[in-house]
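First the structure, in the form of structure tokens, and then the observations on it.
Please treat every number below as a calculation from the coordinates, not as lab data. Because the structure is a prediction, the values reported are computed rather than measured. Backbone-built Cβ (ideal geometry, glycine too); neighbour counts: all protein chains shown.
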Amino acid sequence: MMKMKKISFTLNGVEKEFEIDPNERLLALLRRNGYKGTKYGCLEGACGACTVIMDGKAVASCLVFAFQAQGRSIVTIEGLGDGPELHEIQQALIDEGAVQCGYCTPGMVLSAKAMFDENPTPDEETIKVQMDGNLCRCTGYEKIWSAMKKVSASHRNGGKR
Amino acid sequence: MKIHDFVFATKISEACELLRKTGESAYLIAGGTSTFFVKSRAPRNVIDINRLPLKGIAKKDGVFKIGACTTVNELMKYKAAGWVLNRVALRFVNQQVRNISTIGGNVAKVFYWCDFPVALRVLEGTLTLTGSATHRVKISEVFHNITAQKAAFKNAILEYIEIPQLTKGMGFGYAKETRTSEGFSSVTAAAFVQVEHGLIADVRIALGAVLPFPLRMFDLEASLKGKKADRSAVEGMNFQKLDKYNLTPREGMTPEYCRHLVEVKIADVVSAALAEATGGSL
Amino acid sequence: MKPVEKMKVVHQSVKKIDAPALSRGKHLFTGDLTPPHALHIKMLWSPHAHARIKSIDVRAAEKMPGVKCVLYHGNVPRIIHCTAGQGYPEPSPYDTVMFDKKVRYVGDRVAAVAAETPEQALDALDAIKVQYEVLEPVFDYDAALRDGAPVIHDEPDAFVPIPVPYEPKKNIVAKVGMKAGDFEKGMREADFTFDQTFETPYAQHCPIEGYISWAQLDPHGRIVITTSTQVPFHTRRIVARTLDVPVQKIRVIKPRIGGGFGCKQEMLLEDVVAMVALRTRRPAFWALTRAEVFRSGRTRHPMRLRLRYGVKKNGDISAIGLDIINNTGAYGGHGLTVMSCSGSKVLPLYHVENIHFDAKSIYTNLPVGGAYRGFGATQAYFGVESMVDVMAEKIGMDPLRFRKRNHIVSGESHPAFEALGEGKPGAPMTIGSCSLDECIDKGAREIGWDRRTPPSAKTGRFRRGIGMSIHMQGSSVPEIDMGAASIKMNDDGSFNLHVGATDLGTGSDTILAQIAAEELATTADKFIVYSSDTDMTPFDKGAYASSTTYLSGEAVRKTAAKVKEQILKVGAEMLHKNIDEVDVDDAHVVARDGSGKVSYQDIALRSLYEANQFQIAAIESHVTHKSPPPFTAHFAEVEVDMETGKVRVLKYVAAVDCGTAINPQLSEGQTEGAVLNGISYALTEEYRFDESGKMTNPSFSAYNIFSLRDKPEIKTILVPSYEETGPFGAKSVSEISINGPMPSIANAIYNAAGARVYQAPFTQERVWRAIQESKKK
């Protein structure tokens, strides 16, 4: 059977302790603990459905072992809140019609959040490079692309879209 | 890969000690993405070296000293005159992977070597390895056959990588041919040139992905040295020198096309390096 | 007919109703809903392309820690069925059993293990001892059809449930064909004739959520299957047959789906999860890994297409001959219908009197073909639209003008509509709406067609070119498929809309609410939409054949119209008017003379609580009599590296006539998704196999689908028309646009490089070889 070990990390701003199997990935740990907005896509770091933010960086949680999260700060899609207001990135994706099946969306939102947190006004080339780890098969990315450009533009205009 | 247990190393000496003590089942992890390529399900004992002070890039006396645990994304974003590894980083898998993969892991673990090792060969990078003692080796001493590669990283921890800062008259070219931005490489080529008085004073060319190791193309280099640093040098390259290599076609290519693509990509990276070195375009 | 301008909810980009919850990562998908104590299933897949299982010993595996159930051919019923999710009886052979003694491709089922953890299940797979008698495999068209070829389906119980040709002893799955006029005569009368072969590869849908299902028994012992499917009702029927349990004992629930594109028009996992749940009385969960999705999931059929054409100098096409060999892989589901669509959705596009169409589907020991967006038309359009450019060049006509001169228009018919159905004759049809000319004009303007120069005018290493193609598809399978909906009114004037129609991420729940809202003169947000639960919603054939908007949408409109009658009746009572003196407007019943109005809420309260009480509710069904084609004109601008053959798409334009776009934003989204999928299908996607028949690139990174970084600019232009037979003038939009990229890009490559590619994908090597070939000429 599994040899469980304890680790702790900050999850969505709250310090938490978890029992982990040394062999399990962060994706499995999160989903096992109810953070199911982190989706299972390819288990090879190619699709980004399982993206979480670790210490400010978008990472594929299927490539990160759970133990590697020890002492880190992890943000999942649940960390963006559940109030009446959506996060501006979520809202932009919805407004542009960029949510089709929605399976890639939480990962897409988190990649974008990491990008905008670091640089509120990324240019087109930056968006293309930094969003290259989130595959979407429904939209052809055109509407995701315009949502990202709109968020960037709104930051440039002081929050107005 | 199957992990039996893990331990966080806090000091380099401690990591070395753990590595020695753990023996065959030891597996060093920095970013950890190389584990994706480990197909065996034999249990491994992981030594996590990602918390060691091996991060970041420092520039001193014309040399960039890169901590082995520096992520590819940090290499991509780093800005300094004469810094070229950002171009290699830009073509590395995808953002989520660039954020965790480290240059050390890419050099030490990820077969087949089609990213940083290729560039490091032409930049004449050195690796500083610590095992029972600390020593610095040229990357060319590591990447010429499997025994040397394995031996270099056995019971040793890669601390940092050093590469020279490029200065006026120097140029670097890099190409990684893939079907899509995050696709696997079919050919990776890199070139470094130094131009003095309009002539090619020094040139280094390396090829990866189609070879078991990123190899320097010494014959090709020799044929370019002393030539005028313009298009004619590239056009005059004698690719018969490639005949002795047993190229491995990838991504469904035929041997014939693979060879052709290698030639085009080598010419491309040499052209790019020359253009940069001469401050113009060829 | 209600003019589009007067519509208030339809033709509006209403925000997708499930988007907020999806963007928050709520527990909406199959894998999010799995009970924590579910057993995990892992499958032992065949390592051989063609073999008999001489012996299999599962005893050691059964005793492994955590193992609760092992299934293999020795302990499950042998019930022949078809996994394709189609109407009943299926126009596909019954050639599959849950577990067989024979394996027919690398990735075929051998045995399943259910254990407490996935690792335990994997360990147990290693303990299963199988001895194979390896048989000669069949990997290509010619090998399958030659005399004395190994017979892939030699089992005696395989049969096809409808009267169509099925010759498994010859590895022939199905044949379809048609003739019109006199093909030979048409070829003789031509000024120029052409005979060219094209090939398309195996390709995969790549939904980001792969195949995933789980099942558990409810307290009454019924099997409840929660599954990522496009066809919940067909799945219920097929699982019932396969397990030999009554349909009544099974409930299939489709939650949100993480993409399908056709691959989930199949009963692929559900029989096993149901069987394990039945055997163990435990919830049982099974998700394929990405490699398993590639190797054992469904694919786009590879085809070899021979195209013969006769053309006259004036631009008349005097003859077309289309011969197809379609590889269905190891099992034959969709084998007939895909080819039929290669004819019926393609041949009618151009005026040609003399037609020869002959297609056969064959078995091979390779992965299994299935439904995939475009469904046979996509492959055929590569050949047809490439040849249109070839012909136009030969007679010295602008290929755009050649197309405009020859394409079908409103009021015309075509013999293929009647000749080619789904295992029976199709439905004769006259084209209603068609704004293809306008699509061509608008698309040409957007791409800058008038700056297009011939290949001979280009120089340098990187050369640019522009290419185009036009297409049609269908909307639903006429006279065969049915969709139904029910609506009931609630206290506050909101409604429950229950549909069997299956939203697989397209937004059909949203557009169906829009259609209901338009008919009921209220807003889309007044509808609580619940879809695709076989216990709770009316029947629907499911999400395929570009049906949901046109067919299920009309079912919803009819249902809403019935509910409206009831609302009008109650409203009239309340206003003391006759029913013909009132109307609906803005969620009220209003007196036409302006004397009063009463809100839906008050109407609901009265009907539920106050007087003449009854539940305002209705259920309606719809079957279509035609399959009106949407039309598109696509344009691609590419850059070709003459040295390496590498092709980059710079800009792509899709001008689309989908009738009324119920939700323009979602219609654009369907178009852009199909286009980008089509672009990577044309350029980078393909299955590669080793000599054993095993796919060697089963991962996203190795199979090469596009990311945002790879995408060119895609411009969608919706060109309205009004289809009288569709809900508020709508036709389909989801499939058609995948037909365009392959021929448009091939034509653009030719325009750039003067080299024509006949085999897809257009890898840099293939393009480079075509360039070398063209230099010889």
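To check my understanding: the extent here is largest minus smallest coordinate of the Cα atoms along each principal axis. What are those three numbers for segment B:170-278, in Å, largest first?
Cα spread of segment B:170-278 along its principal axes, largest to smallest: 43, 30, 21 Å.
Taking the number of other C-beta atoms within 10 Å as the exposure measure, put C:Met178, B:Met217 in order starting with the fewest.
On the way: C:Met178 20, B:Met217 26.
Ordered by Cβ neighbours within 10 Å, fewest first: C:Met178, B:Met217.
From the Cα gyration tensor of segment A:37-140, with a ≥ b ≥ c the square roots of its eigenvalues, which class applies: rounded if a/c is under 1.5, or else prolate if a/b is larger than b/c, or else oblate? Intermediate values should be presented prior to the final figure.
Values: a/c = 1.36, a/b = 1.27, b/c = 1.07.
Cα axes put segment A:37-140 in the rounded bin.
Before anything else, pin down the relative contact order of chain C: Cα pairs under 8 Å, at least 6 apart, normalised by residue count, whole percent.
On the way: 2067 pairs, mean separation 116.3, N = 777.
Value for chain C: 15 percent.
Could you tell me which of rounded, prolate or oblate describes chain B, using a ≥ b ≥ c as the square roots of the eigenvalues of the alpha-carbon gyration tensor, with rounded for a/c under 1.5 and, failing that, prolate when a/b is larger than b/c and oblate otherwise?
Numbers: a/c = 2.06, a/b = 1.58, b/c = 1.30.
Cα axes put chain B in the prolate bin.
Dipole of the protein assembly as shown (Lys/Arg Cβ +1, Asp/Glu Cβ -1, origin at the Cα centre): which of B:Phe111, A:Val75, C:Ser456 lies farthest to the positive side?
Value computed over the given set: B:Phe111.
So, by mean Cβ neighbours within 10 angstrom, what's the order for C:418-430, C:256-268 with the highest one leading?
On the way: C:418-430: 18.5, C:256-268: 28.1.
Those peptides, ordered most packed to least, come out C:256-268, C:418-430.
Please give the calculated 222 nm ellipticity per residue for chain B, where each DSSP H segment of at least 4 residues contributes -39500 (n - 2.57) and the sum is spread over every residue; nearest 500 deg cm²/dmol?
Working: 11 runs with 88 residues, N = 282.
-8500 deg cm²/dmol, from helical runs alone.
Can you sort C:Phe183, C:Phe495, C:Phe631 so the residue with the fewest Cβ neighbours within 10 Å comes first? Could the numbers behind the result be given before it?
Working: C:Phe183 21, C:Phe495 25, C:Phe631 31.
The order, fewest Cβ neighbours first, is C:Phe183, C:Phe495, C:Phe631.
Enter the mean projected area of the convex hull around the alpha-carbon atoms of the protein assembly as shown, in nm², rounded to one decimal. Don't jump to the answer; show the numbers that get you there.
Details: hull surface 195.1 nm².
Result: 48.8 nm².
Is there a quick way to get the dipole size of segment A:88-156? I mean about its Cα centre, with the Cβ of Lys and Arg at +1 and of Asp and Glu at -1; what is the value in debye to the nearest 20? Present the calculation step by step, with values, prior to reporting the outcome.
Values: 7 positive and 10 negative charges, 34 e Å.
Charge dipole of segment A:88-156: 160 debye, to the nearest 20.
If packing is taken as the mean number of other Cβ atoms within 10 Å per residue, what is the order of C:613-620, A:39-46, C:35-42, highest first? Could you put the intermediate results ahead of the total?
Values: C:613-620: 15.8, A:39-46: 25.1, C:35-42: 18.5.
Packing order, densest peptide first, comes out as A:39-46, C:35-42, C:613-620.
Which whole number gives the average count of other chain Cβ atoms within 10 Å of the Cβ atoms across peptide A:72-82? Mind dumping the intermediate values first?
Details: counts 0, 0, 0, 0, 1, 4, 3, 0, 3, 1, 2.
Counting other chains' Cβ atoms within 10 Å and averaging over A:72-82 gives 1.
For the cross-link pairs C:Lys541/C:Lys564; A:Lys57/C:Lys16; A:Lys6/A:Lys113; C:Lys68/C:Lys101, which exceed 27 Å when the distance is taken from alpha carbon to alpha carbon? Write out the running numbers ahead of the final one.
Working: C:Lys541/C:Lys564 25 Å; A:Lys57/C:Lys16 30 Å; A:Lys6/A:Lys113 29 Å; C:Lys68/C:Lys101 23 Å.
Among C:Lys541/C:Lys564; A:Lys57/C:Lys16; A:Lys6/A:Lys113; C:Lys68/C:Lys101, the Cα-Cα distance tops 27 Å for A:Lys57/C:Lys16; A:Lys6/A:Lys113.
Sorting check: for B:11-21, A:102-112, which peptide has the highest mean count of neighbouring beta carbons within 10 Å, and how do the rest follow? Intermediate values should be presented prior to the final figure.
Values: B:11-21: 15.7, A:102-112: 30.5.
Peptide ranking by packing, descending: A:102-112, B:11-21.
If r is the Cβ-Cβ distance from A:Lys16 to C:Lys63 and R0 is 41 Å, what FRET efficiency results, to the nearest 0.05? If you can, show how the numbers build up before the last one.
Working: r = 38 Å, r/R0 = 0.94.
Computed FRET efficiency for A:Lys16 and C:Lys63: 0.60.
Per-residue mean of other chain beta-carbon atoms within 10 angstrom of the beta-carbon, peptide B:28-34? Each step should come with its number before you reach the end.
Working: counts 0, 3, 1, 4, 6, 6, 1.
Mean partner-chain Cβ count within 10 Å for B:28-34: 3.
Hey, got the dipole for segment C:482-623? About the Cα centre, +1 on K and R Cβ, -1 on D and E Cβ, debye to the nearest 20?
Numbers: 12 positive and 22 negative charges, 47 e Å.
Once rounded to the nearest 20, the dipole reads 220 debye.
For C:Phe183, what is the net charge nearby, where nearby means another residue's Cβ is under 14 Å from its Cβ and Lys, Arg count +1, Asp, Glu -1?
Details: positive: C:Lys179, C:Lys185, C:Arg188, C:Arg306, C:Arg308; negative: C:Asp182, C:Glu184, C:Glu189, C:Asp195, C:Asp323, C:Glu353, C:Asp358.
Taking every Cβ under 14 Å from that of C:Phe183, the sum is -2.
What distance in nm separates the two pseudo spin-label positions at C:Leu608 and B:His197, each 7 Å out from Cα along the beta-carbon direction?
9.6
Taking the Cα of B:Glu24, stepping 7 Å toward and past its beta carbon, and measuring to each backbone N in segment A:10-30: which are under 18 Å?
Zone members listed by number: none at all.
Taking 45 Å as R0, compute the FRET efficiency from the Cβ-Cβ separation of C:Ile619 and C:Thr117 and round it to 0.05. Write down the numbers at each step before the final one.
Numbers: r = 45 Å, r/R0 = 0.99.
Efficiency at R0 = 45 Å is approximately 0.50.
C:Glu199 versus C:Glu713, label points 7 Å from Cα toward the beta carbon: distance in nm?
My value for the distance between the label points is 3.7 nm.
So if I place +1 on the C-beta of Lys and Arg and -1 on the C-beta of Asp and Glu, and nothing else carries charge, what would the dipole magnitude of segment C:700-777 be about its Cα centre? I want it in debye, nearest 20. Walk me through the numbers before you get to the answer.
Values: 10 positive and 7 negative charges, 116 e Å.
Using Cβ point charges on Lys, Arg, Asp and Glu, segment C:700-777 gives about 560 debye.
Could you list which residues have their amide H under 5 Å from that of A:Phe65, counting only those 5 or more apart in sequence or on another chain, with H placed in the peptide plane?
A:Leu26
In segment C:269-359, what % of DSSP beta bridges are antiparallel (nearest 5)?
Numbers: 9 of 14 bridges.
Antiparallel bridges: around 65 percent, rounded to the nearest 5.
Just counting partner chain Cβ atoms within 10 Å, what average do the residues of peptide A:35-41 show around their Cβ? Write down the numbers at each step before the final one.
Values: counts 1, 9, 8, 1, 7, 11, 7.
That works out to 6 on average.
Can you give the relative contact order of segment C:53-172 as a percent, counting alpha carbon pairs under 8 Å and 6+ residues apart?
Across segment C:53-172, relative contact order equals 33 percent.
Which value in nm describes the separation of the simple spin-label points at C:Ala143 and A:Arg156, placed 7 Å from the Cα toward the beta carbon?
According to this spin-label approximation, the distance is 5.6 nm.
Based on the Cβ-Cβ distance from B:Val63 to B:Glu141, what FRET efficiency comes out when R0 is 25 Å, to the nearest 0.05?
With a Förster radius of 25 Å, E is 0.85.
How much net charge surrounds C:Tyr94 when only other residues with a Cβ under 10 Å from its Cβ are counted (Lys, Arg +1; Asp, Glu -1)?
Taking every other residue near C:Tyr94 into account, the sum is -2.
Once you order the gyration tensor axes a ≥ b ≥ c over the Cα atoms, which shape class does segment C:362-466 get: rounded for a/c under 1.5, otherwise prolate or oblate by comparing a/b with b/c? Write down the numbers at each step before the final one.
Details: a/c = 2.46, a/b = 1.40, b/c = 1.76.
In terms of gyration-tensor shape, oblate.
Using a Gaussian network for chain B with springs between C-alpha atoms less than 10 Å apart, which of these wobbles most: B:Ser101, B:Ser25, B:Ser140?
The residue with the greatest mean-square fluctuation here is B:Ser25.
What is the sum of charges, Lys and Arg at +1 and Asp and Glu at -1, for the other residues whose Cβ falls under 15 Å from the Cβ of C:Ala524? Kindly include the intermediate steps, with their values, before the conclusion.
Values: positive: C:Lys8, C:Lys15, C:Lys16, C:Lys526, C:Arg557; negative: C:Asp18, C:Asp503, C:Asp509, C:Glu518, C:Glu519, C:Asp525, C:Asp586.
My count for the surroundings of C:Ala524 gives -2.
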